[in-house]
Amino acid sequence: MSTKKIVTAGALCLATGLLFAQKAKTKIAAVNTVEVLKTQAIQDIQAGYSGYKNVALQIWNYAEVGYKETKSSTLLQQTLKDAGFVVEAGVAEIPTAFVATYGSGKPVIGILAEYDALPGLAQNAVPEKSGIAGKDAGHGCGHNLFGTASVAAGIEIKQLIESKKFTGTIKVFGCPAEEGGSGKVYMVRAGLFNDVDVAVHWHPGDANEVTMISALANTSAKFRFHGLSAHASASPERGRSALDAVESMDYMANMMREHIPQETRIHYVITNGGKAPNVVPDYSEVFYYVRHPQREQVTSIFERLVKTAKGAALGTETTMDYEIIGGTHDLLINQTLGEAMQVNLEKVGGVSYTADEIAFGKKLQSSFTFKAPAIEKAASIEPLKKTSDKQVGQGSTDVGDVSYAVPTVGLAAATWIPGTPAHSWQAVACDGTEIGTKGMMVAAKTMALTAIDLYTNPALIQKAKDEFKVAKGDYQYKALLGDRKPALNYRD
């Protein structure tokens, strides 16, 4: 090789090396910039702790059930308006649903917020069972914390967009009636997520982990029977008991359990069984849930349940009608987004308790009928599971429908003393203390950090969308509750 060629080749190698070095330097600088933003976000959200705690505890006190969350929704909306969001209320024909928006253009990141309570769980914020006089509902699933943390994360992202750290749109979705009312299903059906690139959510729990377990698909309905009233002793032959019909349906449904897939869950409560023992009830109502990991199985088993209701009406000479109340899909898990969120959850870390909180927790755990995990577990982060494990939880959520509309990622944060079951008085007690609000901050910070990754790394969104398309396949989304309007009075 000539000297000229050697010099040219050397120059080319040098130029190539300098180019690679410059790209590596640029990449490192970008990573460092993102880390600075994340550190700032953690500090900003923590600085607002006192205000967010007050919001969460106000909603805990309101304890409003599904579609009745007027004060809770208004408080979250006002918090967002005060922070500079434009809020559209009453979306999807639901008075307590809203969408709060800030920014413009792509990407559009949505954060889900819930705020409904559960009936029958009123409880003081103390470590022993203690109802509240004159109150019925309580936040046994921690949605007072859920909505507040989501608002906190949304406000932080708004501030970063406003200060031109990155561009795009942030939307906070106010989602009512998750507890059996399927609020998000109507919001998906109304097209509110059509322009969203990724949805982010969380849920209170007794450990810190990214949600990599699917949920059960679900259909719920109220079955109503109509008979003839009569004196139960003087002229029982003239009556046709609607309660007999309900009990006959329940009996057949319980017999059916032997002949359905073992993963199925069927549960019910008699919501109206009559008013007086000496009057043959001419009206009775029973509220049923059917759950299964596969939505097709839910549809099939529910059709069989309807047949038990028809048979009960025929056998008791009553009439029957039913109303679909809710219906939710299984949860479509996204490994790409889960891995990104896991890094951020580990960066944020878990929850540490004061001596008084540990004493509260130990007393609370003494009420359990099982051995509780160590309280220190709240400080740790669970390892990331994989979608290939195909694990399914035993709960249902209307987040499932969102996950079939847009790539979705979520986490659980330790807002309850380890071992605390959801939908319990123990959970309500934790949700009304700093045990709950501390865990809430873990969720707010983790969601904000994950959103920062999405705004600053377009490739992450594209990879998540590619995985979403493969996972969804050719399935065309259809709401399991049909075309009914929101069941605004389902808690009546």
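The values are calculated or read from the model by the stated rules, or taken from the named source; none is laboratory data. Here the structure is a predicted model, which means the values were calculated and not measured. Quick reminder, even Gly has a Cβ in these numbers, built from the backbone with ideal geometry, and neighbours come from all protein chains shown.
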Review point. Out of all the residues in region 277-291, is one or more out of contact with any strand residue (DSSP E or B) (no Cβ under 8 Å at 6 or more places or on another chain) and over 24 Å from Ala234 (Cβ atoms)?
Key: no
Check your understanding: Which one of these is in contact with an Asp or Glu (Cβ under 6 Å, 6 or more places away or on another chain) and buried (at least 23 other Cβ atoms within 10 Å of the Cβ): Ala199, Ala217?
Key -> Ala217
Check your understanding: Where in region 246-344 are there strands (runs of 3 or more DSSP E), lying fully within it, with 3 or more residues that are within 25 Å of the chain's Cα centre (by Cα), buried (at least 20 other Cβ atoms within 10 Å of the Cβ) and not aromatic (Phe, Trp, Tyr)?
Key -> 283-292, 319-328
Review point. Can we say Glu93 is of a type outside the set (Gly, Ala, Ser) and either over 20 Å from His203 (Cβ atoms) or not assigned by TED's automatic domain parsing to the domain that holds Ile417 (or both)?
Key: yes
Review point. Condition test on Leu37, is it surrounded by fewer than 22 Cβ atoms within 10 Å (Cβ to Cβ), in contact (Cβ under 8 Å) with a residue 40 or more places away in the chain and in the same structural domain as Ala451 (by TED's automatic domain parsing)?
Key: no
Revision key, fill the gap. Residue count, region 453-486, condition part of a helix (DSSP H, G or I) and either among the aliphatic types (A, V, I, L, M) or crowded, with 22+ Cβ neighbours inside 10 Å (or both), comes to 8
Review point. Which fully enclosed helices (runs of 4 or more DSSP H) of region 351-452 have 3 or more residues being touching a Leu at 6+ places or on another chain (Cβ under 9 Å) and more than 24 Å from Gly110 (Cα to Cα)?
Key: 425-431
Study note, to complete from the structure: How many residues of region 435-490 are in contact with a helix residue (DSSP H, G or I) (Cβ under 7 Å, 6 or more places away or on another chain) and acidic (Asp, Glu)? The answer is 2
Exercise for review: Output yes when any residue across region 160-176 is crowded, with 21+ Cβ neighbours inside 10 Å, within 27 Å of the chain's Cα centre (by Cα), in a loop (DSSP other than H, G, I, E, B) and not assigned by TED's automatic domain parsing to the domain that holds Lys275, and no when none is.
Suggested key: yes
**Study point:** Of all residues making up region 267-323, the number that are within 17 Å of Ala253 (Cα to Cα) and not charged (D, E, K, R)
**Key:** 30
Practice item. Go through region 103-121 residue by residue and tally those that are among the basic types (Lys, Arg) and either surrounded by 21 or more Cβ atoms within 10 Å (Cβ to Cβ) or not assigned by TED's automatic domain parsing to the domain that holds Leu160 (or both). Key: 0
Review point. Which residue, of Val188, Val200, is in contact (Cβ under 8 Å) with a residue 60 or more places away in the chain and either among the hydroxyl-bearing types (Ser, Thr, Tyr) or part of a strand (DSSP E or B) (or both)?
Key: Val200
Exercise for review: Tell me which residues, restricted to region 40-64, are farther than 20 Å from Lys347 by Cβ and surrounded by fewer than 22 Cβ atoms within 10 Å (Cβ to Cβ).
Suggested key: Ser50, Gly51, Lys53, Asn54, Leu57, Gln58, Asn61, Tyr62
